[in-house]
Structures are given as C-alpha cells and as structure tokens.
1. When the Kirkwood radius is taken over all Cα pairs of segment 26-174, what Stokes-Einstein diffusion coefficient follows at 10 °C and 1.306 mPa s, in µm²/s?
2. For segment 55-115, what is one quarter of the convex hull surface built on the Cα atoms, given in nm²?
3. Probe radius 1.4 Å, ligands and nucleic acids left out: which of Y93, Y173 has the largest accessible area, and how do the rest follow?
4. Per residue and in Å³, how big is the convex hull formed by the alpha-carbon atoms of segment 107-161?
5. Counting only protein chains, not ligands or nucleic acids, how are V151, V164 ordered by accessible area (probe 1.4 Å), most first?
6. How big is the accessible area of R103 in square angstrom, nearest 10, if you roll a 1.4 angstrom probe over the protein chains?
7. Short version: ³J(HN,Hα) in whole Hz for each residue of segment 32-37, in order, from phi by Karplus 6.51 cos²θ - 1.76 cosθ + 1.60 (θ = phi - 60°), x for Gly and Pro, what are they?
8. Is there a pair in K110/K139; K112/K139; K133/K178 whose C-alpha atoms are over 19 Å apart, and which pairs would that be?
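The values are calculated or read from the model by the stated rules, or taken from the named source; none is laboratory data. The structure presented is a predicted model; accordingly, all values stated were derived computationally and were not measured. When the accessible area is computed, the model is the full protein with side chains, heavy atoms only, and any ligands, DNA or RNA have been set aside. Shrake-Rupley method; radii C 1.70, N 1.55, O 1.52, S 1.80 Å.
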Amino acid sequence: MIKTWLVAMALLILMTGCGSKEVEEYNKPAEYWYEKMVTSVSNGNLEKADSYFSSLQSEHIGSPFLAEATMIMAQAHMAHDEYLLAEHFLDEYIRRYATPEGREFAEFLKVKAKFLALPNPGRDQGLIDETLKGVDTFKMNYPYSIYISQVNTMETQLQLARGVLDEQIAQLYERLDKPKGAVYYRSMAPVTWIKPDEVVTANIPWYREMFEGDGSSSWYDFMIPKTRSVISMEDNESK
C-alpha cells in the first residue's frame, strides 16, 4: 500500500513539473506571433516580446506585420530606457521597411534615443559629440521636419552640456598645472549663440557631489599629493 502511494506521489510530482514548463511554440501564423508580442509589450515583459518578435521574423520574413512590429519594439525599448536596443530596432526599421515619412520619424527617434541615454552628460563626452552629429545630420536631411523644434531643443541642451563639460576639463588642467590644456578647452566655444559667461550650471545633488565634486574640486582633493608627474614636468619644460 505504501509502495503504491509513493509511486502515485512520484507520478503527481512529475506531471506537475511537466505542466509548469512552457510548451515550445513554433510554426504559428504571423497574426499569432504579432498578437503575442503586442500582449507582452503591454504587460511590460520585453524579454518575451523580443522572443515573439524573433519568431515572427524567422517564420514570416515577408509578413506585412513586421514593419509595425519593428517600430513597436523600438518604442517599447525606449519607454523602458533600453536605448541601445531601441537603436537596433530603429536601424532595422530604416534598413528594411521605412517609407520616406516613416524614415523621418525613425531618424528622429534615433536622435531622441541618444539624447535620453545621457542622464549625466558630464560622464560621456563622446556620446554628446556623437548625438550632436546625429542632430546635424537630421537637420540637414529634414530642414522642414515637424520634429525640428524638438531636435533644436535637444541640440541647445547638448551644446550647453558640452560647454559646461569643456570648462570643467579646463579647470582640471589648471589644477594639474597644464595651462595649455586649459586654454585649448576654453577656446572650444561650442556655438556662437551660447555665451559661456551667461551659462548657469546645473545643481549637482549632494549625494553625487560628495564623490564627483562641483567641477572645480573634489572632496578628496586634500589627499592628492602636490607633486607633479613626469609628464607634467616635461610639458612645463616644453612651454
């Protein structure tokens, strides 16, 4: 009796375990994968949505659903602050599916994705320059775009951020006794319509300022030896 009970329990556990596993799905209509993808996006499960999108793309490479599905995935990843993935889907959309109007919108979203990927501009000088290049390209290709005012706003904020960052780098060179470097970065006026002396820098939260400083010095400045490096001495001798 006990033996029979143990066998029954083992079978029950095995069946429960099998039931909890997801059934592998394949060879479904395009509408099926599209609906599954949209439902997953609505539920905020982008990992699942990516999987369903891959199935749609793999099994139905010529489906008319793909253009809209690609744009949905791009915007979904942007909404979840996953900007690199958003750019991937936007590039795919532009390369394969975009109409002239759709291409303009996708290019605008690419600029916006790069801009939104800069929560702390002072930490990524390269991404600021890359985003500004994207802004210039967009304005050149679509000078009368309905998105041009938004692009101009992003450009202004990026130019201000770059100007502040250049000044912080100049101050760093001054602290390192490298005046040539300071002069160089102060000469890099981003654009003529921004006056450096009228720029008001952003307030840094206290919990960041403890580690990053205010751009002119850091809390650990007293710990840095006042000796000059070999590189600094060589630079000074060449002045």
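1. 94
2. Projected over every direction and averaged, the Cα hull of segment 55-115 covers 3.9 nm².
3. The ordering from most to least exposed comes out as Y173, Y93.
4. Cα convex hull per residue, to the nearest whole number: 62 Å³.
5. V164, V151
6. Its accessible surface works out to 100 Å², give or take rounding.
7. 5, 5, 4, 5, 4, 4
8. From K110/K139; K112/K139; K133/K178, over 19 Å: K133/K178.
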